[in-house]
1. 5 Å is the cut-off here: which amide hydrogens, built 1.01 Å from N in the peptide plane, fall below it relative to Ser81, excluding neighbours closer than 5 in sequence?
2. Could you go through segment 183-193 in sequence order and give the Karplus-derived ³J(HN,Hα) for each residue, using 6.51 cos²θ - 1.76 cosθ + 1.60 with θ = phi - 60°, rounded to whole Hz, and x for Gly and Pro?
3. Identify, among Val93, Ser14, Gln185, the residue whose Cα sits farthest towards the positive end of the charge dipole of the chain, taking +1 on the Cβ of Lys and Arg and -1 on the Cβ of Asp and Glu, with the dipole about the Cα centre.
4. I'd like the trypsin sites (Lys or Arg not before Pro) in segment 87-191 restricted to DSSP loop residues with at most 11 other Cβ atoms within 10 Å, sorted by number.
5. How are the C-alpha pair distances of segment 1-95 spread across 5 Å bins, as whole percents from the shortest bin up?
6. Using the count of nearby Cβ atoms within 10 Å as a rough guide to exposure, how do Glu30, Glu142 rank from fewest to most?
7. Could you point to the label whose value was computed as Kirkwood radius over Cα pairs in Å for the structure here, given (1) 17.5; (2) 19.0; (3) 18.3?
8. In what sequence do Phe88, Phe64 fall when counting other Cβ within 10 Å, fewest first?
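Read the figures in this text as sums done on the coordinates, not as results from a lab. Everything quoted here is computed from the prediction, not taken from an experiment. Cβ placement follows ideal geometry from the backbone for every residue including glycine, while neighbour counts extend to all protein chains displayed.
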Amino acid sequence: MNVVLTGPKGVGKSTVAERLAARLGLPWRETDALVESLYQAETGRRLSCRDIWREHGEAEFRRFELEAVRQAVAADPCVISLGGSTLFQGEAVEVLRAGAIIVLLRADPAVLWERVRDRGMPAYLPDAPDGGRAAFVARAGEVMAQAAAIADLAVETAGLEAGAVTAAVFRAVADRLGVPDMTAQALGDRLRQHDRPPPRPPGQPPAAATDTGESSYGRG
């Protein structure tokens with residue numbers, strides 16, 4: 001069984017997923033990196049996700065993204081960090097939900113804007129006098145709303161650094177599996193058993209968790 005981290009761009013998915021995977025002794029897979037590798041294998045060119053989207057359009061990008069999700073899931077058990085809008089693709093959701101606990105990382109979109117504006121803007125942002133801020137904030141809200149309708153768990157990241165968010169995700173997953181006092185080794189072993197717990201009832205929000213800790217956000 002996999003643990004999947006989702007949320008808008010800049011929320012820290014990749015940073016937390018990498019840390020969580022190391023703690024659990026599991027592989028870490030990042031779908032954006034897989035998209036870029038798949039594109040290079042098919043075309044012989046190395047482009048970023050942003051440039052693949054801009055050069056070839058959304059439909060072609062989604063084709064690579066779906067295959068990236070399939071490859072990531074095949075590494076089961078592992079920890080997967082998703083591209084921000086992956087859960088808008090219904091087929092990808094079906095693939096992920098078949099064998100994963102999905103965790104939404106939440107944050108204030110205005111705070112996320114401050115994080116991402118100097119790292120390279122998402123391809124979907126239009127040219128605008130505000131640099132795309134309004135479009136980014138709106139899209140981040142849409143991504144969190146979509147993920148909240150699908151995710152099993154939600155972790156609020158406001159005021160927390162990466163170590164704290166990783167600890168909160170760890171505890172939330174352990175609680176979801178019904179054994180909240182697990183060690184990292186035990187939780188990793190539990191995920192290797194491949195038995196996903198029942199999905200939450202329709203209309204029920206994802207279970208929330210927070211924690212405190214140390215370190216700082218990086219990519220994701």
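1. Leu5, Arg29, Glu30, Thr31
2. Values, residue by residue: 7, 4, 5, 5, 5, x, 5, 4, 5, 6, 7 Hz.
3. Value: Gln185.
4. Here the trypsin sites (Lys or Arg not before Pro) that fit, given the DSSP loop and packing criteria, are Arg119.
5. So the P(r) values, bin by bin, are 3, 15, 25, 24, 19, 10, 3, 0.
6. Glu142, Glu30
7. Read-out from the structure maps to (1).
8. Ascending Cβ contact count within 10 Å gives the list Phe88, Phe64.
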